[in-house]
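What follows is a single structure, written as structure tokens, with notes after it.
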Amino acid sequence: MRLELGLLGVMLGLFALSLTVGPADVTAIDSLRALFDDSYGPLTLVMQEIRLPRALLAIIIGAGLGMAGAAMQGYLRNPLAEPGLIGVSGSAALGAVLALATGFAASLSLGLPIAALAGALVGVFLVMTLAGPRGGSLTLILAGIAISALAAALTSLVLNLSSNPFAANEIVFWMMGSLSDRSMVHVWLCLPFVLIGAAALAVTARGLDALTLGEDAAQTMGVDLGRLRLLVVFGTAAIVGGSTAVAGAIGFVGLVVPHILRPLVGARPSRLLWSSAIGGAIMVQLADIAVRLILPERDLKLGVVTAIVGAPLFLHLIYKTRKELP
């Protein structure tokens, strides 16, 4: 519990810091006051319509991806598993790319996230159909890899055939992931999917703990493996679909955060779910603050920062784990 409370304190501190970081030359105290005081005029509008949605999305998306990563690693009993493994992020990105390329995103204010959510739904349906009702974890992984590869190929095809260079440029930048220029509309669009997904994953806590002893032992303890898999896939798909729909592709959060926190929770999947949720929120918040402080005039993308930080850290963890092997 101390770990969770400590992480929660860091998360709340970063939330307050995120609200005060920006190009405007305003003190932190004035920024926080303007959030609740309309007398500050334009600053209140900036706080309520730009900074607050961005800070909230960093927490919502980071927490969702962290929790989904912990659930996937617990279900597959593989520390290298991550939420995108089931192909939902790739199919959501394909839906968004099609919306940008066809002009659907420009014709409808929420066309882009709606198309991304539709792509995520199609992706998870195809994965579950390919895996079958009785397929094991290996079948699920293979189905996810197949859908991810197909989505990536179709995304490349759309880029290749795009006759509008501006649309192609917009597609590339969107796929890098970002929280800039998001509003409360995006928060309310993303939040239900993340909450539903988190609720589904929370139900799997006992089953994931039992699964650490092996599938046979888990079944002996009364765990329905088919229901467990359905909940993990559905919860992960809802979180990744909702997150990708409003922020684009943000990688490494669900991969690195559970890996870092696992030794601190005694390798218990049920406890790791909640620790990773808070840890994921912290990682995305830190990355989003870094985006605003490092080259603010060049619009550095959030997904680029998480990859630059996450990949070397993950490589270090792999090297450290290898050294500990006999």
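Shape summary: region 165-261 maps onto an equivalent ellipsoid whose semi-axes, from the alpha-carbon gyration tensor, are 34, 15, 11 Å in decreasing order.
Residues His186, His316 in ascending order of nearby Cβ atoms (within 10 Å, fewest first): His316, His186. When the chain is treated as a GNM with alpha-carbon contacts under 10 Å, the residue of Ser109, Ser270, Ser31 showing the greatest mean-square fluctuation is Ser109. Relative contact order for region 241-326: 34 percent, from Cα pairs under 8 Å spaced at least 6 residues apart, divided by residue count. In region 2-324, Cα pairs under 8 Å separated by at least six residues give a relative contact order of 30 percent. Measure nothing fancy, just the Cα-based angle from helix 302-324's long axis to the longest principal axis of the chain, in degrees from 0 to 90, nearest 10. Rounded to the nearest ten degrees, it is 30.
So what is the calculated 222 nm ellipticity per residue for the chain, using -39500 (n - 2.57) for each DSSP H run with n of 4 or more, over all residues, to the nearest 500 deg cm²/dmol?
On the way: 16 runs with 245 residues, N = 326.
When only DSSP H runs of four or more count, the value is -24500 deg cm²/dmol.
Among Pro23, Pro53, Pro192, the residue with the largest mean-square fluctuation in a Gaussian network model of the chain, with springs joining Cα atoms closer than 10 Å, is Pro23.
Across every direction, the projection of the convex hull enclosing the Cα atoms of the chain has a mean area of 18.0 nm².
Considering only Gly111, Gly222, Gly207, the Gaussian network model of the chain with Cα springs below 10 Å gives its largest mean-square fluctuation to Gly222.
Order these by the 10 Å Cβ neighbour count, fewest first: Met11, Met67, Met221, Met283. Could you put the intermediate results ahead of the total?
On the way: Met11 20, Met67 32, Met221 13, Met283 27.
Ranked by crowding around the Cβ, least crowded first: Met221, Met11, Met283, Met67.
Could you compute the FRET efficiency for Glu4 and Ser180, with r as their C-beta to C-beta distance and R0 at 30 Å, rounded to 0.05? Once rounded, the FRET efficiency stands at 0.50. Once both axes come from the Cα atoms, what is the angle between helix 52-76 and the longest principal axis of the chain, in degrees from 0 to 90, rounded to 10? The answer is roughly 10 degrees.
Coordinate-derived values only; no laboratory data. Fair warning: this is a prediction, and the values are worked out from it, not measured in the lab. Using ideal geometry, Cβ is built from the backbone for each residue, glycine included, and neighbour counts are taken over all protein chains shown.
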